[in-house]
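This report refers to the structure that appears directly beneath it.
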Amino acid sequence: MSKSTKESDEFANDGLIWREYAQVTYSVAIQLFKSRQPLHLFPAGVLGHHALEQLLKSALIEVGYTITSEEHKDSVWGHNLVALGLKLADRDTSFPIEDLRLQLSIFDSYFYLRSPGYLKGEGIGEEEAETLTSLIQEIGRFATPLPGEEPDDSGDGGGSGIDVICPTCGTRTSVPGGFAAIELFVCPRCGTGVESDGMVQ
């Protein structure tokens, strides 16, 4: 067994580690989307896709899947966001895959930006930061709760939210409660960094 396989198995059923990594990856992707540097859009798209993949895998663990390439009825593997979302909807019918399918497919196309031959930048811009934030909010309701995040009692996934108020443009963004752990949140509209004391419960 290779080292990579052993490392994969270690986190195969750890929804929290997938959720935590998704949170960090998302935060970096947003900063790159809002940097106003055109070449930053390529890694922003790749990281946005990766954050969504990590968050979906956290949610899949919550409904009994194991993240492994070994084939059995409870295994899930791969990078396709729509396919992962469909797997989640199979076990949790409240997951709105049909509402999210188009947005997920957009970020699926950014997966290929990691390869030099695909660096064309067609159809990717700063506005994708808002799309990414919307997806993170929705999928986060179904993922493993972060420490200090209250499970949702509504029966449709996830934890409580907080409002982040941007001091520059005044935009109020609702994000999963676990994001309070981030010391700096980036406004999806204007790119301003919001310190943790600007977050309102």
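Under the 0.36 nm per residue contour assumption, what length would be gained going from the current alpha-carbon distance of residue 79 and residue 28 to full extension? Could you put the intermediate results ahead of the total?
Numbers: separation 51, 0.36 × 51 = 18.36 nm, distance 1.93 nm.
Contour length minus Cα-Cα distance gives 16.4 nm.
In this label model, residue 69 and residue 99 are separated by 3.6 nm, measuring between points 7 Å along each Cα→Cβ vector.
So what's the net charge close to residue 18: Lys and Arg +1, Asp and Glu -1, counting the other residues with Cβ under 11 Å from its Cβ? Spell out each step's value before the answer.
On the way: positive: 19, 57; negative: 14, 20, 53, 62.
Within the 11 Å Cβ shell, the charges total -2.
Can you tell me the FRET efficiency between residue 90 and residue 10 if r is taken as the Cβ-Cβ distance and R0 is 25 Å, rounded to the nearest 0.05?
Numbers: r = 26 Å, r/R0 = 1.03.
About 0.45, to the nearest 0.05.
Note on region 3-147: percent of Cα-Cα distances in each 10 Å bin, starting at 0 and stopping at the bin with the largest distance, equals 12, 42, 33, 12, 0.
Taken together, the values in this text are just the output of simple stated rules run on the coordinates, not laboratory data. For clarity, every value in this text was computed on a predicted model and none was experimentally measured. Counting neighbours? That spans all protein chains shown, and the Cβs are built from the backbone with ideal geometry, glycine included.
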